[in-house]
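The structure appears below as structure tokens.
Values quoted throughout were computed directly from the atomic coordinates according to the rules given, and no laboratory measurement underlies them. Remember, it's a predicted structure, so these values are computed and weren't measured experimentally. For neighbour counting, all protein chains shown are included, and Cβ atoms are generated from backbone atoms with ideal geometry for every residue, glycine included.
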Amino acid sequence: MIIEGKKTVWSQYQKNIADDHYFYIRSCIRQNLWPGSETAFLRIIRDELRKDVIEDANHTTCTGIGYHTDVVPIETTMTVVARLFALMTERGYENMITSCITSFGVITEILETWHEFPETEARTREFLKKATGRKFKVPHNLAHASDIIYKFRKEIKEKGTRSLVNANTGEKLRVVEHIGCHYSKMFPHKGIGGAEFPYVLIGMIEDWGGEVIDYPERRHCCGFGFRQYLVKANRGFSIACTKKKFESMEQFKPDFIITNCPGCNYFLDRWQYVISEMEGKTYSENNDGIPILTYEEVAGLVMGYDPWDLGMQMHQVGVEPLLDKMGVDYDPKKKYLDKNGNSMGSPEKPNVLNFCC
Amino acid sequence: MGTLYERLMEDVRFKEGLKACINCGTCTAICPAAEFYNYEPRSIVDMIQLKDDDRIKELLTGDEIWYCGECMSCKTRCPRGNAPGLVIMALRSLSQDLGYFIESEKGRQQLALKRMIAETILEMGYCVHASHMNLEKFPEQGPMWDWVHDHLPEVMDRLGANYQEEGPGILRKISDEALGELNRIFEVTGGMDRLKRIERYSRVKAKDEGADFQGKGTDEGYFNKVFTENSQKHTRE
């Protein structure tokens, strides 16, 4: 691999990311499965970087999973997204952040479709007015939340207290990055680094002290496939995709995986558990498994946040081996405490994967 | 009514997704579904280019169009700028519009997706909700999730959510006003028609098969059948 060549090519795929004043759209998957990540994102952007971010309580899903399971027609999805634009317009904002790769892909697809087929935008405006009476302006700037973390990654490093370095050996942590198909496979020019050399996560890892692993199936789908996971009869497809990736990356011995998309984070975490139960295989030397972290969790660790504030107790593959490598000072006894410090019990242990406390 | 090909041409995704296929097979080489299922996006696009309604009807009534995972890896790689994944989305929409989806095992799964995803959108404001995700339907969630599910409000509260409360925040209660607007959008744009159509055709199929069909919920006989049935005839050897 010629690294210099890659750097030259990806540098051609730059993206304009707004500097401040954001309208934030939550994710169906992230808020359900990785709620600590959404909390951490807003904490970093608002409290640490002092940026203006607004969330309208009346915003909803973009319908993305419904759209990609084909139960929601394109006209409906366009109009629901137009309503999100209207809420943003009414608040006086023009920079939108989505917390989900599917949303980012859906909204990008809609904006591109409206550009190519202006009659679809006109029809959507009529639909929205008829259904809600609302009007909208299209966003001046659309970013995925990871774009924002990427943009301010150096500031996060400066304010932070930790690095992606093995505290015992001083070596860089070895990291697999997984971008999520809909970030840039559909519209490469909308993602940092495009589809060929997506840099959004690499930039974080390298600036925060880690080393990125290249491996053959790096760009393969995690296996969501929408209906291919959501319907129980189809899940063989989903786990087969994930397994293909793990088989490919195993020899490179990653310390952890960072993901861009909350769905990918889920599949790479949960299918590891299933493979371990079905085949006794863990893709690590001592049955720890490979920890799967959202980029917000990684940013939060770099900032010095407590892992249990980041929601890392919601992983089926335990994160403690990584925390130990990084030298994070955490209290295992606090993993399953509620907000007031009371015990919430604890999960049963898996049969194969090591699982702390 | 027009021919099936003309109906497909009414969908912007079809116009955008199929310009001129040179049958090179790049889409199939990169496709995760083609690696797992008896599926070739190349052959589907090639067949559609014939503009033969009989062949298109075969696709609309068969399993093949339901194998795609809509990852859109094909869009990145096609040397002619086609997107077979978008063509698939247009085919799936037409299959549901015409009721052909109930003719295939994979197509019939649309009822499960309608009840699990679309109804959650209309009732809760988001596509999924943690309270619906139990281990019976999602066993791969593992024992950790079983613990989360048993302590959902407390876990969410611990992590900064505004669980089922008014105002902004994670898993907040979506207001009746917002849900009303969502429902009206579905009515005005044809979304509700699609959902009703999925139920209507599924009811007919359930009756043909003598399956229990209550018309709602995720525990009835027909739902469980389409949610779990796998004839094992779909994958590559």
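Okay, here's what the table says:
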| read-out | value |
| --- | --- |
| Rg followed by Dmax, in Å, when segment A:22-145 is reduced to its Cα trace | 14.3, 43 |
| Gyration tensor over alpha-carbon atoms, segment A:161-215, equivalent ellipsoid semi-axes in Å | 26, 10, 7 |
| Stokes-Einstein D in µm²/s, Kirkwood radius over Cα pairs - segment B:152-237 at 20 °C with 1.002 mPa s viscosity | 129 |
| Distance histogram for the protein assembly as shown (every C-alpha pair counted, 10 angstrom bins, percent rounded to whole numbers) | 3, 17, 29, 29, 17, 5, 0, 0 |
| Kirkwood-type radius of segment A:157-334, with distances r between different C-alpha atoms, in Å | 16.7 |
| Charge tally in the Cβ shell below 11 Å around A:ASP329, where Lys, Arg are +1 and Asp, Glu are -1, A:ASP329 excluded | -2 |
| Candidates A:THR108, A:THR76, A:THR169: whichever shows maximal mean-square fluctuation once chain A is modelled as a Gaussian network with Cα springs under 10 Å | A:THR169 |
| Chain A: relative contact order in percent, alpha carbon pairs under 8 Å with at least 6 residues between | 18 |
| Debye log10 I(q)/I(0) for segment A:69-221, one point scatterer per Cα, at q = 0.13, 0.14, 0.21 Å⁻¹ | -0.71, -0.79, -1.30 |
| Over 22 Å between alpha carbons, listed pairs A:LYS129/B:LYS173; B:LYS196/B:LYS225; A:LYS137/B:LYS75; B:LYS15/B:LYS51 | A:LYS129/B:LYS173; A:LYS137/B:LYS75 |
| Amide proton proximity set for A:VAL212, modelled H, under 5 Å, gap of 5+ | A:VAL175 |
| Alpha-carbon Rg/Rh ratio, for segment A:233-357, with Rh computed the Kirkwood way | 0.96 |
| Prolate/oblate/rounded call for segment A:239-286, Cα gyration tensor, a/c under 1.5 rounded | oblate |
| Rounded to whole Hz, the Karplus (6.51, -1.76, 1.60) HN-Hα couplings of segment B:79-87, x for glycine and proline | x, 10, x, 7, 9, x, x, 5, 4 |
| Rounded D (µm²/s) - segment A:186-230, Kirkwood Rh over Cα pairs, Stokes-Einstein at 37 °C, 0.692 mPa s | 263 |
| Summed residue charge, Cβ within 11 Å of A:ASP288's Cβ, Lys/Arg positive, Asp/Glu negative | -3 |
